[in-house]
Structures are given as structure tokens and as C-alpha cells.
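The values are calculated or read from the model by the stated rules, or taken from the named source; none is laboratory data. Predicted model only: the values in this text are computed from it and were never measured. Cβ placement follows ideal geometry from the backbone for every residue including glycine, while neighbour counts extend to all protein chains displayed.
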Amino acid sequence: MEPLSIAFIAGILAMLIVTYLAWSMIRESAGTPRMIKIASYIQDGANTFLKRQYKTILLLVALLAAPTGVLFGLQTALTFILGAILSLVAAYIGMNLAVRANVRTTNAARISSAKALTLSFRGGAVMGLSVVGLSLLGVSGLYYLFQDPKLIVGFGFGASLAALFAQLGGGIYTKAADIGADLVGKIEAGIPEDDPRNPAVIADQVGDNVGDCAGRGSDLFESMSDDYITAMILGAIVLGAKGPNAVMLPLMTGAFGIVGSIIGIFMVRGWQHVKPVTSFNVGLITQGVVCAVGSYISAMWLLNDVTMFYATLSGIVASLLVGLIVQYYTGIGGKPVRKIAEASERGAAINILTGISYALQSPILPLFTLLVVVLFSYIITGGSIYGIAMANIGGDLIIGFITSADTFGPITDNANGIAEMSGVSEETGEALELLDAMGNTTKAYTKAYATASAILSAVCIFATYSQIVGLGAINVLNPFILVGLLVGVALPFLFSSMAIGATGKTAFKMVDEVRRQFREIPGLLEGKAEPNYARCIDISTKNSLREMVLPTFLTLVSPIVIGTVLGKWTLGAFLVGATGSVALLSPLFTYGGGAWDNAKKYIEVGRFSRKGTPAHAAAVVGDTVGDPMKDVAGPSLNIFMKLTNMTALIIAPILLLF
């Protein structure tokens, strides 16, 4: 059987498993009428937001399709539209099932903690397998039609553009709701998290889905799609003598990644006398082993080159190592989290200063790990850029499993909230608390993984751009090069300011609305009246959709202006500067924010202090500072880095005319 056929079949297999998982999930009981009612609020809010967001995104995609077709051809315009649509479809499928899995997980926890784990992780697997399945189907299908990977660059460009909108909009939505719920509910009103009296609590639950599910799903879809395309282009350019096999190797390896994801996902279940996190690690290791074996088979079958297997393996190992490093900085038992929690006893200012100090050092070891992979894969393959691309593909092979674990987090978080709001938390006992804690770990792991993947992806996209436009050594003493480099370093800071500022503006309105309802609705704090949840959902929806446009415009326009006005060399320097800047800024935000979040949780479980104390209030303030960093600016910067490089790649034919 031909490699392209195998890749296509693997994509179809992933979607068949998605169909089975969704069918088996819907058959499960959703629990009591009160549970169903609470869950319906979350479902309606999430669907309302996504419909409005997707209309905005598709309108902008339609507006950009015409000039794309005029400048780059009808094929590029069509692949651009398809990339954006499939990115949104993958995210929608996964999120739609996640908001149905949450209440069923709550109900399962009333019966068995083991069943709750199995149900929630398989609910997350719908997102994970949709992402990898549709990505492989899209890329392999387009290559079958056009037989030239350069003609499907538009697919990656469309996926990246849609992902930035989805991540920004979803991130702003969720963190504005979270900040409003925490600051007014926990600190001012002194009520518990997920208390049904809090008007922002449903918006917060919705936000977990539109941010961590739909936003992260679109992010990883575009990451995998971009990596397939750039590796295929580099294979055609660098290893032209190897024929089509060099182009097929990334897709063939990706097919084994899907098989590994499916096996790993079904290994995560409620085993007797086994902790949930242990079950997760068993699935992750199983996935890694299957992918390693598949990488060896692919490299030897198609290229008969064991060095390409070593390069791919280095990417797999690096993705696992980065996760372990980040667990030190963000894990609830790690030294940084304990120190930040301890600092909270001295006030919010000391909490924030301690958090910043750890955030500043947190990117160093993960970045060095990735740099070692770049050098190793380049050297082991005899100085081949294609080796770096295959290391990048190796890191992508666990995307299906990791995305499943990421979506598992919001499902269990929502399940815990539904239990609290519907009054069945005593029936679920500690089952959902344990799963929610594991969900926080898997979400942190996913953010770390996505950041590491983005850095390697940007390196490969830049290498592809360099090969196409013919960049050689860059002379940093050239004023045009120096200007491009420094502008590239600076723009991620402006982008971050926009993203964090947008979250602050939306949170400001959310805080005012929650205060207003507590003040103006008689009997709300006493539990005698129901809050207006819809008003808070509407505030998050309207403002997040409005605020996501300007940062995306900056990302899209900056490489076009620099490339067409100052030339391909200056644009190359800009990409190097932006990649270097984001490689430090994104993990700083992501890991630092995660440490602040878990420092708050460390206090809430009774370490150093307890809920309701000044130390807890200080930790909540630190968490609200970290929220827009780890869930808005950090993840969005990853896409900023890839989209600027993809934009440069798509305009490369025009730059060759100058």
C-alpha cells in the first residue's frame, strides 16, 4: 500500500474512533434535572459564543480569500479557506462533545471514580483525535490533488489565522469571566468557587471550554498542519534525489502518531488501585513507545536512513522532557509553587515579585532542551535541515494524546462545578476533586508542550522560507537587517500588551456587572434569588470578539509590510527576532501564570494558610495577574510566532520578484 493511502486511512480511522466515542458518551445518563439544567447553561453559552466567533472569523477569511486568490492563485485561495474551516470544525466537534461530557462525568462520579476518569478522558479524546485526524486528512488529501506541497501552504496559513482568532477570543472570554468571578466572589463576597450565587460562574465554566478546548484545539491543529507542510516542502527541496518518499515521510510518521494516540487514549481508564495521574502516565508512555516504533519503520521503509529516525526520536524525547521540567515550575508540589504560596503570607506584592522571579527563569531549561534537539537532529543527519523538520514532526506525534488530556481538564473542572452548583458534591465525594487536580496538571503539561512545539515549528517554517527565497548568511551589521531584527524582537511585546490589556478591559466590565448584581438583586447573596448568568456571558462574548481583532491584524500585516517595503532579507531578520523574543516571552507567561495558579490552590488545600485568610486573598490576586498571561498572551504568542512565519512563507513568491 502506498504511504499516501496509509496516511489517508489513518485520518479516517481517527474520525471513526471520534464517532464511536461521541456515540458512547451521549448514551450515558446526564443525571438529575438540576444537573441537566446547569449543564444546559454551559452548553448554550459555549455554543452562542462559538457561533458568533465563527461568523466573525469566516467573514474575515472570506474577505481575505479574494486578494489571496488574485496574488497567489486560485489553488492557494481554496486551500486557505479549507485550512481555516477544518481548524474551526475540529475545535467545534471537540468542544461540542466536551460540554456534554462534563455533566455525564459528574453523574458517573456519583457511582464510581473509575468510571468518571474513563468517561472524562474519552470525552477529551474526541477533541484530540479530531485535531490529528482532520489535519492529516486535509494535508494528505490536498497533496493527492495538487502533487506539490508548495501549493498547499495556504492550508497552513488559513489554519494559523483561524487559530489565532480562536485562541485570542476564547482566552479573553475565559479569563475575564474567571477574574470577575474570583475577585468579587472569593475576595469581596467571601463565597466559594463555583457557587451558584455568583453571576459570573456560568461564564467562567463556558470560558473553560471556549478557551482551553476550542482555542487550544485550533492552536494544535494549525501547529500540526504547518509542520506537515513545511517538512514536505523541505523534503522536496533538500532531499530531491530521494523522490516522493522524502515528501511522504512526515505523513507516514503522522499516521503512526494517530495509531499511537488511539492506543494511548484507551490505556487511560479507571484501573483498580491505580491513581488517575498514573493511568495518564501509562497512556503517555505507551503512546511514546508506539510512535518511536512507527518512526523507525517509516524512516527505514521510505528513506532507509536510520539517522532520520534518530532525529524524529529526539523530538519525541524532548516533548516529554519539557513536560517534566515544567512540572517542576508549575506542579503543586514543586519548590516555585511552595515559595510563591509562602510569599503570599507577606501580601500580594511579595507574591507577585516571587512569581515574577520564577517566571523569568522558567523558560531557560525548556529552551536549552529544544536547542539541543535542533543541533542534534541537524548534526546526526549530516547537516540536513530536513532532520530538524523531522525532529519537529517527532514532537508532534503525541498531539492527539496531549490534546485529549488538555480537553479532559475543562471537562473535569466543569464536572466539579456542576456538582457544586447542583448540590450533589457530597455524592461525588473526592472523586471529582482528584480528577480536577489531575486536569490542572494535564492543562499545564499541554501549555508547555504547545510552547515547545511552537518554537520548533517556527524554526522549521523559517528554514522553509529561507530555502524558497534563497537567504544566505545574514549580516547583522547591515542597517536593514538590524532594523528587521529589532522590530521582530519588539512586536511580541506590543502584541502581549494588546492581549493582556484586552483581558483587563473585559474583566473590568465583568467585575462591575457582578458587583451590580450582588448590590441590586434582592436576596442574591442569601441564595433566595437567581443571578442573571446570561448578562455575564454576553459581556464576555461581545468584548472578547471585539478585542481579538487588533492583535490579529498586527500579526498578519507586520510581515507583509516589512517584506514588501524592506525586502526578503529584512523580513528574514524580523522572523529571527520575533521567534527569539516569543521563545522566551511565551513560556515566561505560560509557566509563570501556572505557578501563580497552583500557589493559590496550594493554599486552598490547607498548606501554609487556608481559604478566607489574607494570604489566600494575596494568592488570588497573584492568580488573577497570571491568568491573562498563561491563558491569553502566552498561548496566543505561540500562534503569533507561527502565523508571522507562515505569512512570510505565503508571500515568498512575491518577494522573489523584488
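In segment 333-350, how many are more than 30 Å from T579 (Cα to Cα), of a type outside the set (A, V, I, L, M, F, W, C) and part of a helix (DSSP H, G or I)? Walk me through it before giving the result.
Of the residues in segment 333-350, the ones more than 30 Å from T579 (Cα to Cα) are 333, 338-339, 341-350.
Next, only the ones that are of a type outside the set (A, V, I, L, M, F, W, C) stay: 333, 338-339, 342, 344-347.
From what's left, part of a helix (DSSP H, G or I): 338-339, 342, 344-346.
Within segment 333-350, residues that are more than 30 Å from T579 (Cα to Cα), of a type outside the set (A, V, I, L, M, F, W, C) and part of a helix (DSSP H, G or I) number 6.
I'd like to check something: does segment 109-125 contain any residue that is without any contact (Cβ under 8 Å) to a residue 40 or more places away in the chain and outside any helix (DSSP H, G or I)?
The answer is yes, given that some residue of segment 109-125 is without any contact (Cβ under 8 Å) to a residue 40 or more places away in the chain and outside any helix (DSSP H, G or I).
Looking at (1) part of a helix (DSSP H, G or I); (2) exposed (fewer than 15 other Cβ atoms within 10 Å of the Cβ), find the lone condition where T506 falls short.
Just one mismatch for T506, condition (2).
Filter segment 185-219 for residues that are in a helix (DSSP H, G or I) and either among the polar types (S, T, N, Q) or within 26 Å of G156 (Cβ to Cβ) (or both) and give the result. Talk me through it step by step, then tell me what you get.
In the first step, residues of segment 185-219 are kept if they are in a helix (DSSP H, G or I); the result is 185-189, 201-219.
Those that are in a helix (DSSP H, G or I) and either among the polar types (S, T, N, Q) or within 26 Å of G156 (Cβ to Cβ) (or both): Q205, N209, V210, G211, D212, C213, A214, G215, R216, G217, S218, D219.
Restricting to segment 351-372, name every residue that is in contact (Cβ under 8 Å) with a residue 12 or more places away in the chain, part of a helix (DSSP H, G or I), within 27 Å of G394 (Cβ to Cβ) and within 22 Å of the chain's Cα centre (by Cα). Spell out how you get there, then give the answer.
Step one: list which residues in segment 351-372 are in contact (Cβ under 8 Å) with a residue 12 or more places away in the chain, which gives 351-352, 354-356, 358-360, 362-363, 365-367, 369-370, 372.
Going one step further and asking which of them are part of a helix (DSSP H, G or I), we end up with 351-352, 354-356, 358-360, 365-367, 369-370, 372.
If we keep only those that are within 27 Å of G394 (Cβ to Cβ) as well, we get 365-367, 369-370, 372.
Listed by number, the residues that qualify are L365, P366, L367, T369, L370.
Considering only residues that are of a type in the set (A, V, I, L, M) and either touching a strand residue (DSSP E or B) at 6+ places or on another chain (Cβ under 6 Å) or buried (at least 24 other Cβ atoms within 10 Å of the Cβ) (or both), which ones fall in segment 422-450?
Listed by number, the residues that qualify are A431, L432, L435, A444, A448, A450.
Residues D178, D182: which one is part of a helix (DSSP H, G or I), acidic (D, E) and either under 19 Å from L86 (Cα atoms) or over 20 Å from the mean Cα position of the chain (by Cα) (or both)?
Testing whether each residue is part of a helix (DSSP H, G or I), acidic (D, E) and either under 19 Å from L86 (Cα atoms) or over 20 Å from the mean Cα position of the chain (by Cα) (or both) leaves just D182.
Residue check: is K339 among the basic types (K, R), in contact with a Ser or Thr (Cβ under 7 Å, 6 or more places away or on another chain) and without any contact (Cβ under 8 Å) to a residue 24 or more places away in the chain?
Yes.
Residues in segment 603-613: is at least one part of a helix (DSSP H, G or I), surrounded by fewer than 24 Cβ atoms within 10 Å (Cβ to Cβ) and at pLDDT 80 or above?
no
For a quick check of your reading of the model, give me the residue pairs whose first member lies in segment 47-67 and is under 10 Å from T541 (Cβ atoms) and among the hydroxyl-bearing types (S, T, Y), whose second is modelled with pLDDT under 85 and part of a helix (DSSP H, G or I), with beta-carbon atoms closer than 9 Å and at least 6 apart or on different chains.
That search, which allows pairs on different chains as well, returns T48/V206; T48/I537; T48/D538; T48/T541.
What number goes with the only condition from (1) in contact with a helix residue (DSSP H, G or I) (Cβ under 9 Å, 6 or more places away or on another chain); (2) on the phi > 0 side of the Ramachandran plot that G383 does not pass?
Going through (1) in contact with a helix residue (DSSP H, G or I) (Cβ under 9 Å, 6 or more places away or on another chain); (2) on the phi > 0 side of the Ramachandran plot one by one, G383 breaks only (1).
Across segment 79-91, which residue is farthest from A125 (Cα to Cα) among those that are buried (at least 21 other Cβ atoms within 10 Å of the Cβ) and not β-branched (V, I, T)?
So, considering only residues that are buried (at least 21 other Cβ atoms within 10 Å of the Cβ) and not β-branched (V, I, T), the one farthest from A125 (Cα to Cα) is F80.
Determine, yes or no, whether L486 is part of a helix (DSSP H, G or I) and surrounded by fewer than 18 Cβ atoms within 10 Å (Cβ to Cβ).
In short, yes.
Go through G634, G592 for me and flag whichever is closer than 22 Å to A166 by Cα, surrounded by 23 or more Cβ atoms within 10 Å (Cβ to Cβ), within 27 Å of the chain's Cα centre (by Cα) and not hydrophobic (A, V, I, L, M, F, W, C).
G634
Among the residues of segment 220-245, which ones are surrounded by fewer than 24 Cβ atoms within 10 Å (Cβ to Cβ) and in a helix (DSSP H, G or I)?
Initial filter on segment 220-245 (surrounded by fewer than 24 Cβ atoms within 10 Å (Cβ to Cβ)): 236-245.
Those that are surrounded by fewer than 24 Cβ atoms within 10 Å (Cβ to Cβ) and in a helix (DSSP H, G or I): A236, I237, V238, G240, A241, K242, P244, N245.
Report yes if some residue within segment 628-636 is under 20 Å from Y465 (Cβ atoms), small (G, A, S) and part of a helix (DSSP H, G or I); otherwise report no. Steps first, answer last, please.
Of all residues in segment 628-636, those under 20 Å from Y465 (Cβ atoms) come to none.
No, that holds for no residue.
Does Y20 meet the test of being of a type in the set (S, T, Y), modelled with pLDDT of 90 or more, closer than 29 Å to Y144 by Cα and part of a helix (DSSP H, G or I)?
yes
Could you check Y144 against (1) over 16 Å from L220 (Cα atoms); (2) at pLDDT 85 or above; (3) surrounded by 19 or more Cβ atoms within 10 Å (Cβ to Cβ) and say which number it fails?
Only one criterion is unmet by Y144, namely (3).
Please state which one of I388, I399 is crowded, with 20+ Cβ neighbours inside 10 Å and under 30 Å from T105 (Cβ atoms).
The unique qualifying residue is I399.
Output the number of residues of segment 513-529 satisfying the condition of being outside any helix (DSSP H, G or I) and either of a type in the set (A, V, I, L, M) or touching a residue at least 12 places away in the same chain (Cβ under 8 Å) (or both).
Counting residues in segment 513-529 that are outside any helix (DSSP H, G or I) and either of a type in the set (A, V, I, L, M) or touching a residue at least 12 places away in the same chain (Cβ under 8 Å) (or both) gives 5.
Where in segment 385-441 are there helices (runs of 4 or more DSSP H), lying wholly inside it, with at least 1 residues that are in contact with a Ser or Thr (Cβ under 6 Å, 6 or more places away or on another chain)?
It comes to 385-396, 399-422.
Restricting segment 555-578 to residues that are surrounded by fewer than 15 Cβ atoms within 10 Å (Cβ to Cβ) and within 26 Å of A163 (Cα to Cα), which is nearest to the chain's Cα centre (by Cα)? If you could, list the steps in order and put the result at the bottom.
Within segment 555-578, the subset surrounded by fewer than 15 Cβ atoms within 10 Å (Cβ to Cβ) is 557, 561, 564-565.
Remaining after also requiring within 26 Å of A163 (Cα to Cα): 557, 561, 564.
On the way: V557: 23, V561: 28, T564: 31 Å.
Result: V557.
Say we look at segment 166-217 and pick out the residues that are among the aliphatic types (A, V, I, L, M) and surrounded by fewer than 24 Cβ atoms within 10 Å (Cβ to Cβ); which of these is farthest from A405 (Cα to Cα)?
Filtering segment 166-217 for residues that are among the aliphatic types (A, V, I, L, M) and surrounded by fewer than 24 Cβ atoms within 10 Å (Cβ to Cβ), the one farthest from A405 (Cα to Cα) comes out as A189.
Counting just the residues of segment 294-324 that are surrounded by fewer than 20 Cβ atoms within 10 Å (Cβ to Cβ) and within 21 Å of Y449 (Cβ to Cβ), which one comes out farthest from the chain's Cα centre (by Cα)?
V317
Taking L365 as the residue in question, decide whether it is farther than 24 Å from S581 by Cα and either touching a helix residue (DSSP H, G or I) at 6+ places or on another chain (Cβ under 8 Å) or surrounded by 16 or more Cβ atoms within 10 Å (Cβ to Cβ) (or both). Lay out the reasoning, then the answer.
Values: farther than 24 Å from S581 by Cα: no; either touching a helix residue (DSSP H, G or I) at 6+ places or on another chain (Cβ under 8 Å) or surrounded by 16 or more Cβ atoms within 10 Å (Cβ to Cβ) (or both): yes.
So L365 does not fit the description; no.
Can you work out which of the residues in segment 16-47 that are touching a Ser or Thr at 6+ places or on another chain (Cβ under 7 Å) and surrounded by fewer than 22 Cβ atoms within 10 Å (Cβ to Cβ) is farthest from A203 (Cα to Cα)?
If we take residues in segment 16-47 being touching a Ser or Thr at 6+ places or on another chain (Cβ under 7 Å) and surrounded by fewer than 22 Cβ atoms within 10 Å (Cβ to Cβ), then T32 is farthest from A203 (Cα to Cα).
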